[in-house]
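The values are calculated or read from the model by the stated rules, or taken from the named source; none is laboratory data. This structure is a prediction, so every number in the text was calculated from the model and none was measured. Glycine gets a Cβ as well: all are built from the backbone with ideal geometry, and neighbour counts include every protein chain shown.
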């Protein structure tokens, strides 16, 4: 995503100063514009007009190295670094920085808690769409699919693939920072009956072999596969949405429908084969009352002075669902 400076961008120091003289201001920073749109829609529904939502790069000029806060460069790193710098400056309030949790719920330790930062309840914002009600609405309204097509069966079918990809991305990054999955994942997926089967060994081999970094040539592919099996078992008891990437989820949703239900992509619906288009449509299918019961959005309402006493926390959001610590999971990997 590219961002243009329209004259409203400020350094963290300038923003902290501005808020100190205008304490009634509240600004919310997200990783991207789509995220900002979702948060803005949520606030408008709750008739909150006391805060303004920005994609981080539309509002904040970062004049420091984000790596000093233990995060990687990128929109996620910018959001977390901004929250940390605001805390360092002793900002009195008026800021909320919302970042995707990514691997911080499962395989990596969370960054130092900054009082201005909030993380998504799942790996990223798109994973709030990994929900039967959302998928059923997407099928019936956007794709005009038959009511016999079950959201539950679709999610059950693609969940193992999405989690497998999530874990493999992390493992490869531990080997070589620049090592990513090879493109065209569908070429490493086969159809067996009514299921999609991921050829993990082929995906590992192809991804490592295509990496231009010489360090990748020394990676033991069998060890990576063994570690993948171990992590899959270790994370099996945790909420699956915490170990899935939202883009991968939508990718496999579209792939599954194309393989087994191609009729849903009729001439006037074929654009939904595009993952980016489907992602936006799914976000539009989220039930806002359900969203308000999620941990992130409850905290957001509380920060903005709205009581959430009447909202029951969704059971799978309680801390008790957390499985083994990220450090324990990492340390138990086969060498």
Exercise for review: With a cut-off of at least 3 residues that are in contact with a strand residue (DSSP E or B) (Cβ under 8 Å, 6 or more places away or on another chain), name the helices (runs of 4 or more DSSP H) lying wholly within region 1-114.
Suggested key: 12-21, 33-45, 75-88
Review point. So which residues in region 239-274 are touching a helix residue (DSSP H, G or I) at 6+ places or on another chain (Cβ under 7 Å) and farther than 20 Å from residue 149 by Cα, if there are any at all?
Key: 239, 240, 241, 243, 244, 245, 246, 247, 248
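Name every residue in region 213-254 that is without any contact (Cβ under 8 Å) to a residue 12 or more places away in the chain and either assigned to a helix (DSSP H, G or I) or more than 22 Å from the chain's Cα centre (by Cα) (or both), in order of residue number. Lay out the reasoning, then the answer.
Within region 213-254, the subset without any contact (Cβ under 8 Å) to a residue 12 or more places away in the chain is 214, 217-218, 220, 222, 229, 233, 236.
Correct list: 214, 217, 218, 220, 222, 229, 233.
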Exercise for review: Name the single residue, out of those in region 219-262 being more than 23 Å from residue 207 (Cβ to Cβ) and loosely packed, with under 13 Cβ neighbours inside 10 Å, that is modelled with the highest pLDDT.
Suggested key: 262
Exercise for review: Exactly one condition in (1) surrounded by 17 or more Cβ atoms within 10 Å (Cβ to Cβ); (2) in contact with a helix residue (DSSP H, G or I) (Cβ under 9 Å, 6 or more places away or on another chain); (3) without any contact (Cβ under 8 Å) to a residue 60 or more places away in the chain is not met by residue 86; state its number.
Suggested key: (3)
Review point. In region 143-167, how many residues are over 13 Å from residue 257 (Cα atoms) and touching a helix residue (DSSP H, G or I) at 6+ places or on another chain (Cβ under 6 Å)?
Key: 8
